[in-house]
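First the structure, in the form of C-alpha cells, and then the observations on it.
The values are calculated or read from the model by the stated rules, or taken from the named source; none is laboratory data. This structure is a prediction, so every number in the text was calculated from the model and none was measured. A quick note on method: Cβ atoms are made from the backbone with ideal geometry, for glycine too, and the neighbour counts reach across all protein chains shown. Ligands, DNA and RNA are stripped out before the accessible areas are found, and what is left, the full protein with its side chains, is counted by its heavy atoms. Shrake-Rupley method; radii C 1.70, N 1.55, O 1.52, S 1.80 Å.
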Amino acid sequence: MAFYSTNEFKGGLKIMLDGDPYTIVENEFVKPGKGQAFNRVRVRNLKTGRTVEKTFKSGDTVEAADVHDTEMQYLYNDGEEWHFMHQETFEQMTANAPAVGEAAKWIKDNDICKVTLWNGAPLSVEPPNFVVLEITETDPGLKGDTSGGGGKPATLETGAVVRVPLFVQTGELIKVDTRTGEYVSRAKDA
Amino acid sequence: MTTASNGVGHLTEFPDPSSEFEGADWRPSASLERIRARADLLGRARAFFAAAGVMEVETPILSRAAVTDPALASLRTSIEGPGGDRALYLNTSPEFAMKRLVAAGSGPIYQICKVFRDAERGRRHHPEFTLLEWYRPGWDHQRLMNEVADLVRAILGRPDMPDERIRYRDLFMRQLDLDPWSASIESLRCAAADAGMVDAGHLELDRDGWLDLLLTHRLESGLGRGGMTFLHDYPPSQAALARVRPGPFPAGERFELYIEGIELANGFHELTDADEQRRRFMDDLVVRRDLGLPEPPVDDAFLAALASGMPDCSGVALGLDRLLMIAAEADHIDQVLTFPVERA
C-alpha cells in the first residue's frame, strides 16, 4: 500500500480518506511562530463530488488512492450500465449510473471520454468538451418571440435539453459545450 | 461487468497541470519592482539600526550543533577536513551565535541573514528565508516590542500605524471562552469542532498542539487588522527560549507580532539561566526521541556562554520576506523571492 506524507501534498494528488478516494484541490501549510505545523487541505470526494476541508498534522502520512485517468471509447448502454473500451488494449469495462453521472446526458456511441479508474474500475466519466447531437424535438418557433434570451428549448437524441436559437429546427445537428451545457453552433454532420 | 485485469499499465496518465511550470524557467518569480522593494527594505532596516546605535554582525550559517525544538527541522550537510568528515547543520536562526556575542559583551547587535528550515513550504513559508534578528541587552520584552513597532513603521513608511498588545490567555478567553492554562484536551477538541472544524476529532494532538491548531486556524486571521498586534505572555510550555515569569498564571515572556493575520516576528525576554536552558534542551530531545525525529548535538558553546554570565536581554527575529510581502502587497512568498526552491 502506498502512502503520501503531507510534505508531498499538492493539487491533484489522489488520497484515501475514510475509505473513499479524494483529490486534493488546495493545500495550505500553516504553522504558528513556534510549534505544531498543519496542512489545511480542501479535498473533493471523487465518488460524490463533494468538497470538504481537512486538517492534518504536518508530517503525517495518508494512504494513496489508486486513481488514474484514461481515455476510453463509449460503446453502448445495455439499459443498466454503460460499456466502454480502451482503444489500444480493446479491454472493455462497464460503468454504473453514479459513475457516469451527468455525462449520460451527452455521450453517444463512439465518443471518446475521460474515464477515471479507482482500483481499476470506473469511478467517474467525463464527456468530450464538445459533442454533436441531433435535435429530436423543438418547437417550430420563428414566431418572433424573443423572450427568455431569444432561444427555445430543444430535446436532443440523448435526452438532454438545451436552449437553442429560434432558427434551429428538429432533425438538425448541433454542437454543444458539455462543460456549460450550452449550444455552440449548428453542425454539418457528426 | 468489470474486466480491469492487468490493463492499468497501458492506461494513459494525464500530465499534472503544474508540471508544465517545472521546465527550465530561468526568470525570477518576483517582479523587478519587488526585487527593488527588497533592496529598499534592507536599506531602511540598516538605516534604522544605524540611527539606533545597534551594530550589524555576521555569524556562521553552519554550526556543529542544531536547534532542539521538535517543531523545527534543521538541514544537514557535512564538511571534509582534517580528522575526517563532520556533520554541520544550517542554522534555523542565528540565535545561539548572537547570544554568544551578547555574552561576550557586544552590546546591542543585529543581523540580516539567510536561515533554513526543512519541510516548511507554502504560501508564507519557504525552506530558505531571510531573518532580521536583534538583541537588546538590559531590555525586557515590553520595551523591545516598542522598538519592533517603530522599526515596522519606519520600514513600511507608515508613521501612524497603530499597535496593540494582547496576552495569549486573554485572546483565548475573549474569543473562545477558554483558559489555555487549564482547559482540558477534550474541551480544546470541542472548541475546534465548535469552530466548524468537523474533522478535528480525528487529530491526535497534545495540549500545545490543540492550542496551536486553534491559534492558527481560528484566531490568527483576526490579529493585526489595520495595524500591529503583539500577542504576548505565552503558556510556560510554549516559552521556548524565553524566561518564565512566576505568578498565579506563570507566563513565558515571549511575544509574536501579527500584521493582517500574518505572523511576522517572535521575540523573547531571554532565558539566561544555563541550567534551565540545558533542561529545556534535554526535554526537547526526549520529545524528539518519542517522535522518531533526529536528535542533533546540543549547542554546548551557547550553554557555556549563558553560564559565563549572560546579561539580561531581549531579542527578536522578524521574517523580512513576510514584511516585504506586506509592503509590496504580495499574497504568496514566491512573489518576493528571486528564485524559489523548486527552481533555485
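Worth a mention:
- Test for B:F49: is it away from chain A (no Cβ under 14 Å), closer than 22 Å to B:L324 by Cβ and buried (at least 18 other Cβ atoms within 10 Å of the Cβ): yes
- Residues of segment B:164-217 satisfying the condition of being within 14 Å of another protein chain (Cβ to nearest Cβ), assigned to a helix (DSSP H, G or I) and either β-branched (V, I, T) or surrounded by fewer than 17 Cβ atoms within 10 Å (Cβ to Cβ) (or both): B:I185, B:A193, B:V198, B:D199, B:G201, B:H202, B:R207, B:T216
- When A:T51 is tested against the conditions (1) polar (S, T, N, Q); (2) more than 9 Å from chain B (Cβ to nearest Cβ); (3) closer than 23 Å to B:D118 by Cα, the lone failure is (3).
- The condition (being within 14 Å of chain A (Cβ to nearest Cβ) and not in a strand (DSSP E or B)) is satisfied by just one residue among B:V67, B:V102: B:V67.
- Of the residues B:F339, B:F268, the single one that is more than 22 Å from B:A97 (Cβ to Cβ) and in contact (Cβ under 8 Å) with a residue 60 or more places away in the chain is B:F339.
- At least 2 residues being open to solvent by 30 Å² or more (accessible area, probe 1.4 Å) is the threshold, and among the strands (runs of 3 or more DSSP E) wholly inside segment A:29-123 those reaching it are A:38-45, A:51-57, A:61-63, A:67-77, A:82-86, A:112-118.
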